[in-house]
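Student: Let me begin by handing over the structure; questions about it come next.
The values are calculated or read from the model by the stated rules, or taken from the named source; none is laboratory data. Just so it is clear, the structure is predicted and the values come from calculations on it, not from any experiment. Using ideal geometry, Cβ is built from the backbone for each residue, glycine included, and neighbour counts are taken over all protein chains shown.
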Amino acid sequence: MARLGSWIEPFSEGIYVRPADAWVDPSQPKPTALVTHGHADHARGGHGKVFATPETLAIMDCRYGPQPDRPVAYGESFRVGDVQVSFVPAGHVLGSAQIVLEHGGERVVVSGDYKRRPDPTCAPFEPVPCDIFITEATFGLPVFRHPATAGEIDRLLLRLHDNPDRCILVGAYALGKAQRLITELRCRGHHDPIYIHGALQRLCDLYAQFGVPLGELRPATEASKDELRGRIVLAPPSALNDRWSRRLPNPITAMASGWMRVRQRARQRLVEMPLIVSDHADWDELTQTIQEVAPREVWITHGREEALKHWCMTRQIKARELNLVGYEDEDD
Ligand SMILES: [Zn+2]
Ligand SMILES: [Zn+2]
C-alpha cells in the first residue's frame, strides 16, 4: 500500500499535488496554482491559471495586474485533474482559505496561514477533519501566547487619551493587519477619523469594497500637524522611522504584530509601544486546531517546526517538517 499522502509532494518552491498537476502557493510561476491567500509569500504573479477566492484574486489583481483566474467560493467543490478540491475559511486575512484536497480515499488539508480568534475583517476558521493536516507554525513555540486583542487595543486608546498633543503612529502591514487594526479600534468604540499612509490606501479601499466597514479614513499626507494631534496614524512598518514620519506631531511609535512579544524585535524598530496583535495562530491555537482536525499525520511549514513536531510525537501523531522557502516576509 502506498504511503499516506504519497500523491502530495513538498518542494522548496511549494506543494505539488501530482494527480491535479497543480501547486499550492508556489513561489515560482507554475501552469496551475491553488492560492490560499494574498500575502506575497503565498501569492505570486505569473502563473498560467490561478484558483483562489474572489477576495484573494482581487488582492492579486491589485498587486500584479489582472490574473488568469478561476474564482472559487468558500465551500464550492470542484475537480482539478483527479483531485476533488474545496476552499474553506482560514480566518487569517480577507479571502484567506485552507485548501482541502481529496484523492484515493485520503483527505489532505493545507491550512495556509490561519488563526482561531475572531477577526472582524474575515470569515472564521473552520476545522476540517483530515488524514494529513499541513499546518503553518509561525508562532510554534510555547512562549508564544497572544494576549486578548481587546486589551491591546484598549491600551492604545488609553495612551492616545493621555497624550492629546501627540499622535500615535502605528506600524501595520498593508494587507490584513492595517484593516484588522482599524476594525478592532472601531469595535472598541473609536470612531474618530483614522489617518493612513498612502501605501495603505488601495488595500483599505479593496476591503471596503468587499464590505468590511473601516469608518472614516483620511490620507495622513494631506493633514496638517495640528490636525493630527490626538489622532491615530497608520503606516507600513518601513515608514515608522523614515523621513515620512517627521511630518507628525511628536509621534508615539507603536507597532501591531505577533512579533512584538519579542522585546528585541520591538527595540530593533525603535518601537515605544509594542502591540501584540497577530493574524497567526499562537501555540495554544495551533495545538487546539491539531486536536480538532485529528489528523493521522501533521506536516509542518512556515516557521518554528521543531517544538510542534515534538508536541505531535508525544501524542502519537506522526509529524514531519517541510522545508519550503521564502515565508514570513510580510506575515505577522
Ligand atoms: Zn499570510
Ligand atoms: Zn505566510
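Student: If you check W311, W299, which single one turns out to be crowded, with 22+ Cβ neighbours inside 10 Å, aromatic (F, W, Y), over 15 Å from V170 (Cβ atoms) and more than 16 Å from ligand 1 (Cβ to nearest atom)?
Tutor: Numbers: W311 fails: crowded, with 22+ Cβ neighbours inside 10 Å.
Selected residue: W299, the only one of W311, W299 that is crowded, with 22+ Cβ neighbours inside 10 Å, aromatic (F, W, Y), over 15 Å from V170 (Cβ atoms) and more than 16 Å from ligand 1 (Cβ to nearest atom).
Student: Quickly run through the range 70-98 and pick out the residues that are β-branched (V, I, T) and either within 14 Å of ligand 2 (Cβ to nearest atom) or free of Cβ contacts under 8 Å to residues at least 60 places away in the same chain (or both).
Tutor: V72, V88, V93
Student: Which of the residues that make up the range 126-173 are free of Cβ contacts under 8 Å to residues at least 24 places away in the same chain and among the charged types (D, E, K, R)?
Tutor: Passing the criteria: only D162.
Student: If we keep just the residues of the range 21-49 that are free of Cβ contacts under 8 Å to residues at least 24 places away in the same chain and under 19 Å from the mean Cα position of the chain (by Cα), which is farthest from H103 (Cα to Cα)?
Tutor: For the range 21-49, the residue satisfying everything is G45.
Student: Evaluate the range 58-67: report whether one residue or more is within 16 Å of ligand 2 (Cβ to nearest atom) and not charged (D, E, K, R).
Tutor: yes
Student: For the range 29-45, name all the residues that are more than 16 Å from ligand 1 (Cβ to nearest atom) and at pLDDT below 95. Step through it out loud before you land on a result.
Tutor: Going through the range 29-45, the residues more than 16 Å from ligand 1 (Cβ to nearest atom) turn out to be 29-32, 45.
Result: G45, single match.
Student: Can you list the strands (runs of 3 or more DSSP E) lying wholly within the range 119-237 that have 3 or more residues being in contact with a His (Cβ under 6 Å, 6 or more places away or on another chain) and surrounded by fewer than 18 Cβ atoms within 10 Å (Cβ to Cβ)?
Tutor: Counting at least 3 such residues, we get no strands (runs of 3 or more DSSP E) at all.
Student: Test G5 against the stated conditions and say whether it is under 16 Å from the mean Cα position of the chain (by Cα), closer than 20 Å to T135 by Cα and not β-branched (V, I, T).
Tutor: Here the answer is no, as G5 does not meet what is asked.
Student: Residues that are among the polar types (S, T, N, Q): which helices (runs of 4 or more DSSP H) entirely in the range 238-332 hold 2 or more of them?
Tutor: Ranges flagged: 263-268, 283-293.
Student: Can you tell me which condition A266 does not meet? The list is (1) in contact (Cβ under 8 Å) with a residue 60 or more places away in the chain; (2) buried (at least 20 other Cβ atoms within 10 Å of the Cβ); (3) among the aliphatic types (A, V, I, L, M), and all the others hold.
Tutor: (1)
Student: Which of the residues belonging to the range 59-94 are within 16 Å of ligand 1 (Cβ to nearest atom) and buried (at least 22 other Cβ atoms within 10 Å of the Cβ)?
Tutor: Selection gives I59, M60, F87, A90, G91, H92, V93, L94.
Student: Might you check whether a residue that is of a type outside the set (G, A, S) and part of a loop (DSSP other than H, G, I, E, B) occurs anywhere in the range 76-86? Spell out how you get there, then give the answer.
Tutor: Taking the range 76-86 as the starting set, the residues that turn out to be of a type outside the set (G, A, S) are 76, 78-80, 82-85.
Still in the list and also part of a loop (DSSP other than H, G, I, E, B): 76, 82.
Checked against the condition, which is being of a type outside the set (G, A, S) and part of a loop (DSSP other than H, G, I, E, B), the range 76-86 yields at least one hit.
Student: Would you mind stating whether E55 is closer than 26 Å to G105 by Cβ and either out of contact with any helix residue (DSSP H, G or I) (no Cβ under 7 Å at 6 or more places or on another chain) or not small (G, A, S) (or both)? Give the steps one after another, and end with the answer.
Tutor: Numbers: closer than 26 Å to G105 by Cβ: no; either out of contact with any helix residue (DSSP H, G or I) (no Cβ under 7 Å at 6 or more places or on another chain) or not small (G, A, S) (or both): yes.
So E55 fails the test.
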